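Written out below as structure tokens is the structure these notes cover.
The values are calculated or read from the model by the stated rules, or taken from the named source; none is laboratory data. Computed from a prediction, not measured in an experiment: that's the story for all the values here. Every residue, glycine among them, receives a Cβ derived from its backbone with ideal geometry; neighbour counts consider all protein chains shown.
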Amino acid sequence: MGSTVNKVDPFNDGSGVALWQFEGNANDTGGNYNGTWHGTERYDTGKFGQAAKFDGNSAVDVSSYDFSNVKSISSWFNCSVCDDSTWHTILGSKQINQPDNIKVAVYQNRLHTYHNGADQLISNDVISPDVWYYLVINENSNGNYDYYLNSNLIASNLPDNNASLDLYYIGSDNNGGSVNEAFIGLIDQVRIFNRALITDEIAILYNEYKPSKSFTRSNIF
Ligand SMILES: [Ca+2]
């Protein structure tokens, strides 16, 4: 099996909907769901090639698309500010005041989810600055969400009242069209799927690798 890094549909079954790689732009690799920036557009060294760089006042907007059929989102994130008492949103769905809004954010070195006025701690795993983490949010058979960090299940069934993964902003919550409680750091390789991923697939994506540019005789032998 070759590298899946550049594939929108890594499992070749039509489940992959979009892939944002942030190689100097906010385009979807499949070309259907190109994002636009709020605030200053920046890129820096990422998990794979480049990543989107967020300053706490910026976001990538994909709100013009209908992602109501999304069942799984995966993303690499690397926060440069993770420990303060401000929410730093990695992924936000819909508008903050809509009842099925959900966001996943770093707050005081922990992952939290926020839904319909309720803040819930996802896990006590410490999120440290300048470290790459792999996050998967997966819809389960109850219609609620399970969370995986670095391919390990860290929380189940949060929130438990039918929120929606209808992705709106990458790197921010959305408060009436404004950037709100935004991320500071890097986000890379954001994928969305129209079905839940199984644990083996989450492990495959966690172990994705960037394809080598070329081989020469000297580095083969
Ligand atoms: Ca990238």
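Quick notes on this one:
- Total residues in region 1-15, condition away from the ligand (no atom under 14 Å from the Cβ) and modelled with pLDDT under 95: 2
- Index of the failed condition, Val81 passing every other in (1) more than 16 Å from the ligand (Cβ to nearest atom); (2) within 16 Å of the chain's Cα centre (by Cα); (3) assigned to a loop (DSSP other than H, G, I, E, B); (4) closer than 13 Å to Leu186 by Cα: (2)
- Residues in region 58-78 that are within 13 Å of Ala182 (Cβ to Cβ) and either more than 16 Å from the ligand (Cβ to nearest atom) or over 13 Å from the mean Cα position of the chain (by Cα) (or both) were compared, and the one that is surrounded by the most Cβ atoms within 10 Å (Cβ to Cβ) is Ala59.
- When region 132-146 is filtered for residues that are touching a residue at least 60 places away in the same chain (Cβ under 8 Å) and more than 13 Å from the chain's Cα centre (by Cα), only Glu139 remains.
- Pick from region 36-57, criterion assigned to a loop (DSSP other than H, G, I, E, B) and either crowded, with 23+ Cβ neighbours inside 10 Å or of a type in the set (Lys, Arg) (or both), ranking: nearest to the ligand (Cβ to nearest atom): Lys47
- Looking across region 179-198 at every residue that is modelled with pLDDT under 95 and not in a loop (DSSP other than H, G, I, E, B), the one that is surrounded by the most Cβ atoms within 10 Å (Cβ to Cβ) is identified as Val179.
- Here Leu135 passes the criteria (1) surrounded by fewer than 15 Cβ atoms within 10 Å (Cβ to Cβ); (2) within 23 Å of Ala203 (Cα to Cα) except the one numbered (1).
- Options Ser123, Ser212: the member that is assigned to a loop (DSSP other than H, G, I, E, B), among the polar types (S, T, N, Q), closer than 24 Å to Asn27 by Cβ and modelled with pLDDT under 95: Ser212
- Residue count, region 43-81 (criterion: among the aromatic types (Phe, Trp, Tyr), at pLDDT 95 or above and closer than 23 Å to Tyr147 by Cβ): 4
- Residue in region 157-178 that is modelled with the lowest pLDDT, counting only those that are assigned to a strand (DSSP E or B) and farther than 14 Å from Tyr114 by Cβ: Ser178
- Entry remark, region 16-35: residues being away from the ligand (no atom under 15 Å from the Cβ) and crowded, with 19+ Cβ neighbours inside 10 Å number 3 in total.
- The one condition from (1) under 13 Å from the mean Cα position of the chain (by Cα); (2) within 22 Å of Asn34 (Cα to Cα) that Leu149 does not meet is (2).
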